[in-house]
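First the structure, in the form of structure tokens, and then the observations on it.
The values are calculated or read from the model by the stated rules, or taken from the named source; none is laboratory data. Given the structure is predicted, the values throughout are model-derived calculations rather than measurements. Cβ placement follows ideal geometry from the backbone for every residue including glycine, while neighbour counts extend to all protein chains displayed.
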Amino acid sequence: MAGSYSLLPPAMRVRAKIMQIIREEIDRIGGQEFLLPVLHPAEPWQQSGRWNLIGEELFRLTDRKDADLCLAMTHEEIFTTLALELNSYKQLPQLWYQIQTKLRDEPRPKSGVLRVREFTMKDSYSFDVDEAGLDRAFRNHYEAYKRIFDRLGMDSIAVEASSGMMGGAGSVEFMVRSDAGEDWIVLCSAGDYSSNVETATSVLAPIEDPVSAPLEKFPTPGVRTIKALEDFEGGAPADRQIKSLFYLVGEELVIVLMRGDHSLAEQKLLDGLSVIEARPATADEIFAAVGAHPGSLGAVGVDGYRIVADRGLEGRVGMTTGANEDDFHLRNVDITRDISVDDWLDLREVVAGEPCVNCGKPLEVDKTIEIGHIFKLGRRYSEPFGAAVLDENGKATAMFMGSYGIGVERNMAAVVEVNHDDKGIVWPMNVAPYEVVVTVLRPEDADTMAAASRIYEGLRADGVDVILDDRKERPGVKFADAELVGFPLRVTVGPRGVESGLFELVTRATSVVEEVPADELVAVILDRVMAAKQ
Ligand SMILES: [Zn+2]
């Protein structure tokens, strides 16, 4: 089914190497490894409030005694429960982690192992007595993550991000540029601003408005889109239109107003409303509420629904919007006078080329894969769980927490996305399923096979991760497979090499071919492997 994958032996080897790199770097900053259950009782999730806050993304089930259970998508609740064992500041800081299975009912599983319903994650949790401690744990993770992604052969970019369902105060995502990605990031060309598009802002050029005039309704037969109203005689340019979007937050209908030429960044809406989920209302739901269809919607005179508007509309005069009557629009809309906006929020999605908020230089928008996410949770979980310790003055204080995640298979996929060519994968040495393949050209020839075995055993004895390709296949097939699977180094052993005493060594990444004397081969390869793993 969509979003479920079986990992085959080469992938298992890569996965194990990725997990080992993660382990080494988290251990290096003081982490201790745990293993928590996947199956959770509902109670801790009720205690944190997420049992209700999270909707269908959380897999839920009941056991034979009718007890509510869920399958964990993250472990803040259980680690916080374990942290109840801590009772003094002298036991802090603590850094706990695990590498374990997570499940989430992803609505649209796709892009191979990038977006799945079941995956392995390294999640760590820090516990500190004060905010300064949390800042230190956060910084340590930031540095550890940078090192992990370096070792995985990826140029990571750290960006400001939405905390979404984790809550808390601030988070940083690590991204890698890739056309296979589904996340967009905003970067300043001068290097002083970086953010996920879900949280990014930019400078908005001012627009001069006319003086306020009386509201006027006018017929717009067949006009259903921003573009059509631009082209319509007596219509308005997109930046003089108000676009009205209807969202359902739980049972509540919310009207979202944007400037006609601006797009809504949905995560900004969720964050602005402090909710985890919302969905666009259907045409039927909208009609039932305001008596008009999409294309003729507006918020003028609307009462009884929450209206939120993007700051780009603040103070605007002389605007045009739907009249909430099919085939009619309103002009001369003065937002302050005509619409009772409940909340002004930053909802606009940044577009490439807009000026940076820090320096005014044009912003870039790049497609990326998210490879890590770190959160400052603060007391979001310690307070509801009563996870407190006695501080230096003997006073009980709720601990400051952070949580830090890396998806293992997602990183495996990202490594492939940024390390491949038209022949196949180009694995970085650190995570390749095997570092070297010894390709035997005539395995039925005893001398050739003996020479290949000597090289293979020699490399193994030196700790090189090597595979012997002695299949009964044509050389072309073996070479193509070696390139497809992406072994960093290939040694070719055939009767000609046995006779000349020179064997061919091919580097996958550069396609460079060298002739290496038989008695130096193992040492040369060992050097290459060690150098690439630095
Ligand atoms: Zn800038």
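Got a sec? Which of VAL211, VAL223 is farther than 30 Å from ALA414 by Cα, surrounded by fewer than 19 Cβ atoms within 10 Å (Cβ to Cβ) and away from the ligand (no atom under 16 Å from the Cβ)?
VAL211
Restricting to segment 328-356, name every residue that is surrounded by fewer than 17 Cβ atoms within 10 Å (Cβ to Cβ) and either modelled with pLDDT under 95 or within 16 Å of the ligand (Cβ to nearest atom) (or both).
Within segment 328-356, VAL351, ALA352, GLY353, PRO355 qualify.
Can you find a residue in segment 429-446 that is in contact with a His (Cβ under 9 Å, 6 or more places away or on another chain) and touching a residue at least 60 places away in the same chain (Cβ under 8 Å)?
no
Being among the basic types (Lys, Arg) and within 41 Å of the chain's Cα centre (by Cα) is the requirement here; does LYS423 meet it?
Considered against the rule, which asks whether it is among the basic types (Lys, Arg) and within 41 Å of the chain's Cα centre (by Cα), LYS423 comes out as yes.
Tell me which residues, restricted to segment 339-364, are more than 16 Å from ASN196 (Cα to Cα), touching a residue at least 40 places away in the same chain (Cβ under 8 Å) and either among the hydrophobic types (A, V, I, L, M, F, W, C) or in contact with a Leu (Cβ under 6 Å, 6 or more places away or on another chain) (or both).
ILE339, VAL341, LEU345, CYS359
Exactly one condition in (1) in a loop (DSSP other than H, G, I, E, B); (2) at pLDDT 95 or above; (3) touching a Lys or Arg at 6+ places or on another chain (Cβ under 7 Å) is not met by ASP261; state its number.
So ASP261 meets the others, but not (3).
So, in segment 501-517, of the ones that are outside any strand (DSSP E or B) and more than 35 Å from the chain's Cα centre (by Cα), which residue ends up surrounded by the most Cβ atoms within 10 Å (Cβ to Cβ)?
GLY501
Take segment 365-383 and flag every residue that is among the acidic types (Asp, Glu) and within 18 Å of GLU143 (Cα to Cα).
Scanning segment 365-383 gives a single hit, GLU370.
State whether one or more residues within segment 130-153 are assigned to a strand (DSSP E or B) and away from the ligand (no atom under 16 Å from the Cβ).
No, that holds for no residue.
Being assigned to a strand (DSSP E or B) and buried (at least 16 other Cβ atoms within 10 Å of the Cβ) is the filter here, so list the residues in segment 76-112 that pass it.
GLN94, LEU95, TRP96, TYR97, GLN98, ILE99, GLN100, LYS102, LEU103 - these are the residues of segment 76-112 that are assigned to a strand (DSSP E or B) and buried (at least 16 other Cβ atoms within 10 Å of the Cβ).
What number of residues within segment 59-75 satisfy the criterion of being surrounded by 20 or more Cβ atoms within 10 Å (Cβ to Cβ) and closer than 14 Å to GLU43 by Cβ?
Here the count works out to 2.
Is it fair to say VAL436 is in the same structural domain as GLU520 (by TED's automatic domain parsing), at pLDDT 95 or above and more than 21 Å from GLU473 (Cα to Cα)?
No; evaluated as a whole, the condition is false for this residue.
From VAL477, VAL498, grab the single residue that is outside any strand (DSSP E or B), surrounded by fewer than 16 Cβ atoms within 10 Å (Cβ to Cβ) and of a type in the set (Val, Ile, Thr).
Testing whether each residue is outside any strand (DSSP E or B), surrounded by fewer than 16 Cβ atoms within 10 Å (Cβ to Cβ) and of a type in the set (Val, Ile, Thr) leaves just VAL477.
Looking only at segment 227-274, filter to residues that are among the small types (Gly, Ala, Ser) and more than 24 Å from the chain's Cα centre (by Cα); which one of those is farthest from GLY164 (Cα to Cα)?
Once the filter is applied, the top-ranked residue is GLY234.
Which count do you get for residues in segment 154-195 that are over 30 Å from ARG240 (Cβ atoms), touching a strand residue (DSSP E or B) at 6+ places or on another chain (Cβ under 9 Å) and more than 16 Å from the ligand (Cβ to nearest atom)?
25
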